[in-house]
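Trainee: Dropping a structure here in structure tokens format, bear with me for questions.
Just so you know, all these numbers are worked out from the coordinates, no wet-lab data involved. Computed from a predicted structure; not experimentally measured. Note that we place each Cβ from the backbone using ideal geometry, even for glycine, and neighbour counts take in every protein chain shown.
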Ligand SMILES: Cc1cc2nc3c(=O)[nH]c(=O)nc-3n(C[C@H](O)[C@H](O)[C@H](O)COP(=O)(O)OP(=O)(O)OC[C@H]3O[C@@H](n4cnc5c(N)ncnc54)[C@H](O)[C@@H]3O)c2cc1C
């Protein structure tokens, strides 16, 4: 079924009885050309582009829980292309272009809203760094504008500009940055992949990876063994555990990142605001809740929930930046498991095992990467060659030390990226 305004109108007038399920609930077959482990944003997008771009439809996505129950449905929804280093910048630029056509491509409203993103700076040194970043973004073909203090005040009059520790000097404005509705992205890719014949198998945990003669032959799951010519591990925070099933030790640490949402309010924040010095970022959802987050919980864990010290830290940063937030009530908080690499940049690569691919290391920035990651991993699986914009995301850079993409300049410290 194609969605359209006319369909909504006719369904509305006829009691909404004609809607069909967004995707099938198939039983797993015994054999596939490609198996994707993990039904998050990256796994679903990969399945979609395999079918759409390469005509590979004998494909299944194996998800241990329900589609969208992982980080893809837990993030703070920021979509941007404001990376600085070669390797990252062309990839995220490609991703943002895919976002811009995504709703038409998927025939699904993912509520992509290019409301503009402003990164604040609080010193002359930081201004220089953001000016360089803005120039790099413009050279990459993306948009950036350096705002002075008054320029920021025009957009964000509610901030505390004269805070004793963090007076606002200005901001880097990225007008094409914004947000998208996170779980709609999972649903949109799922529906579009299903329509092209991909099997989406929920409640199907992969418990083992079968390898014979250095070649992958299939997987063991809680719903039985499934054979496949190619298998991709796309399990975000669980990547280390799943890769271990194939005897691989990944350069990944899993850390928790929390997010928070307030009660619904009238429109107050029209942009995405990022306050790097205090580790805080915020936007307002279409339902009116202020959605915000901060730093990692800073210790390794698979708990999928956060702890109170970081909640307190995030609230302090919020009050420092915009004291008006003290009047709002926090409704909920939650956590997701982040797959942190030593240089803060991702991995999309083959492994040493023939037919086994890996897509992970998205740190806390993988939502915006969903379209490009799916596109690039599908390219790698279908052609066995890296996509032009993802050729820096090699697994062996952590072994050889060549090609490290340390965007934050923090060195080999997983939890600081
Ligand atoms: C609080 C928070 C805020 C964030 N904010 C942003 C943001 O604003 N912008 C941004 O770009 N990024 C953000 N991120 C990061 C982003 O959400 C992730 O990097 C990205 O979603 C990870 O990829 P994914 O969607 O494929 O992961 P997931 O949705 O976690 O998908 C992985 C899937 O693999 C499944 N799985 C695991 N093990 C197995 C197994 N053995 N068998 C079968 N299935 C398995 C899991 O159940 C899961 O569904 C944020 C993350 C969090 C938690």
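Trainee: May I ask for the Kirkwood hydrodynamic radius of segment 38-191, worked out over all distinct Cα pairs and given in angstroms to one decimal? Walk me through the numbers before you get to the answer.
Mentor: Working: mean 1/r = 0.0576 Å⁻¹.
It is 17.4 Å.
Trainee: Wrap a convex hull around the Cα atoms of segment 281-350, take a quarter of its surface area, and give that in square nanometres. The partial results should precede the final answer.
Mentor: Values: hull surface 27.1 nm².
Directional mean of the projected Cα hull area for segment 281-350 stands at 6.8 nm².
Trainee: Here's another thing I want to ask about it. Would you mind computing the Rg to Rh ratio of segment 242-396 from its alpha-carbon coordinates, Kirkwood style for Rh? Spell out each step's value before the answer.
Mentor: On the way: Rg = 18.4 Å, Rh = 17.5 Å.
Taking Rh as the inverse mean 1/r over Cα pairs, Rg/Rh reads 1.06.
Trainee: Given N residues in segment 212-302, what is its alpha carbon radius of gyration divided by 2.2 N^0.38 Å?
Mentor: Against the compact-globule rule of thumb, the ratio is 1.65.
Trainee: Rounded to the nearest angstrom and ordered from largest down, what semi-axes does the equivalent ellipsoid of segment 312-392 get from its C-alpha gyration tensor (root of 5λ)?
Mentor: On the way: eigenvalues 291, 30, 25 Å².
The answer is 38, 12, 11 Å, longest axis first.
Trainee: According to a simple spin-label model (label point 7 Å from Cα along Cα-to-Cβ), what is the distance in nm between residue 249 and residue 302?
Mentor: 1.8 nm
Trainee: Moving to a separate point now. Can you give the three extents of the C-alpha atoms in the chain along their principal axes, from longest to shortest, in whole Å?
Mentor: Principal-axis extents of the Cα atoms in the chain, largest first: 64, 63, 41 Å.
Trainee: Could you work out how much longer the chain between residue 227 and residue 138 gets when fully extended? Use 0.36 nm per residue separation minus the Cα distance between them, nm to one decimal. Show your work: numbers first, answer last.
Mentor: Working: separation 89, 0.36 × 89 = 32.04 nm, distance 4.65 nm.
Net length gain for the segment: 27.4 nm.
Trainee: Would you work out if segment 38-93 is rounded, prolate or oblate? Take a ≥ b ≥ c from the square roots of the eigenvalues of the alpha-carbon gyration tensor; rounded if a/c is under 1.5, else prolate when a/b is larger than b/c, oblate otherwise. Don't skip to the answer; put the middle values down first.
Mentor: Numbers: a/c = 3.21, a/b = 1.34, b/c = 2.40.
Oblate, since a/c reaches 1.5 and b/c is not below a/b.
Trainee: Write down the radius of gyration of segment 108-232 and its Dmax, each obtained from C-alpha positions, in Å.
Mentor: My reading of the Cα-based Rg and Dmax gives 23.7, 65 Å.
Trainee: Just to confirm my numbers, what's the Cα centroid distance between segment 191-213 and segment 301-376 in Å?
Mentor: Result: 24 Å between the Cα centres.
Trainee: A follow-up question, please. Over the chain, with a Gaussian network built from C-alpha contacts below 10 Å, which listed residue (258, 126, 11) shows the highest mean-square fluctuation?
Mentor: Greatest mean-square fluctuation among the candidates belongs to 11.
Trainee: In a Gaussian network model over the chain where Cα atoms closer than 10 Å are linked, find which of 344, 306, 264 has the largest mean-square fluctuation.
Mentor: Ranking 344, 306, 264 by mean-square fluctuation puts 264 first.
Trainee: Contact order normalised by length for segment 69-131, with contacts defined as Cα pairs under 8 Å and 6 or more residues apart; what percent is it?
Mentor: Averaging sequence separation for qualifying contacts and normalising by length gives 18 percent for segment 69-131.
Trainee: Same structure again: For helix 89-100, report the angle its Cα long axis makes with the longest principal axis of the Cα atoms of the chain; keep it between 0 and 90° and round to the nearest 10°.
Mentor: Result, in degrees: 80.
Trainee: Gain in length, residue 415 to residue 153, computed as 0.36 nm per residue apart minus the alpha-carbon separation, to one decimal in nm?
Mentor: Values: separation 262, 0.36 × 262 = 94.32 nm, distance 3.27 nm.
Here the answer is 91.1 nm.
Trainee: Let me ask another. Could you give the angle, 0 to 90 degrees to the nearest 10, between helix 124-139's Cα long axis and the longest principal axis of the Cα atoms of the chain?
Mentor: 40 degrees
Trainee: Residue 14 versus residue 129, label points 7 Å from Cα toward the beta carbon: distance in nm?
Mentor: For residue 14 paired with residue 129, the spin-label model returns 5.9 nm.
Trainee: Taking the Cα atoms only, what angle lies between the long axis of helix 182-195 and the longest principal axis of the chain, rounded to 10 degrees?
Mentor: Between helix and principal axis, roughly 30 degrees.
Trainee: A further question follows. So, in Å, what gap is there between the alpha-carbon centers of segment 4-36 and segment 76-144?
Mentor: Each part's Cα centre sits 33 Å from the other's.
Trainee: For the chain, what proportion of DSSP beta bridges, expressed in % and rounded to the nearest 5, is antiparallel? Don't jump to the answer; show the numbers that get you there.
Mentor: Numbers: 49 of 69 bridges.
That works out to approximately 70 percent antiparallel.
Trainee: Right, something else. If segment 70-117 were replaced by its equivalent ellipsoid, with semi-axes equal to the square roots of 5 times the Cα gyration tensor eigenvalues, what would those be, largest first, whole Å?
Mentor: Numbers: eigenvalues 79, 40, 24 Å².
For segment 70-117, the ellipsoid semi-axes come out as 20, 14, 11 Å.
Trainee: Using just the Cα positions, wrap segment 139-191 in a convex hull and report its mean projected area in square nanometres, one decimal place. The partial results should precede the final answer.
Mentor: Values: hull surface 24.4 nm².
With the hull built on Cα positions only, its mean projection is 6.1 nm².
Trainee: Compute the Kirkwood hydrodynamic radius of segment 302-342, taking the inverse of the mean of 1/r over all pairs of distinct Cα atoms, and give it in Å to one decimal. Let's see the in-between values first.
Mentor: On the way: mean 1/r = 0.0830 Å⁻¹.
When all Cα pairs of segment 302-342 are included, the Kirkwood radius is 12.0 Å.
Trainee: Turning to a different aspect of this structure: Enter the per residue convex hull volume of segment 179-263, computed from alpha-carbon coordinates, in Å³ rounded to the nearest integer.
Mentor: Numbers: hull volume 12.9 nm³, N = 85.
In segment 179-263, the Cα hull volume divided by residue count equals 151 Å³.
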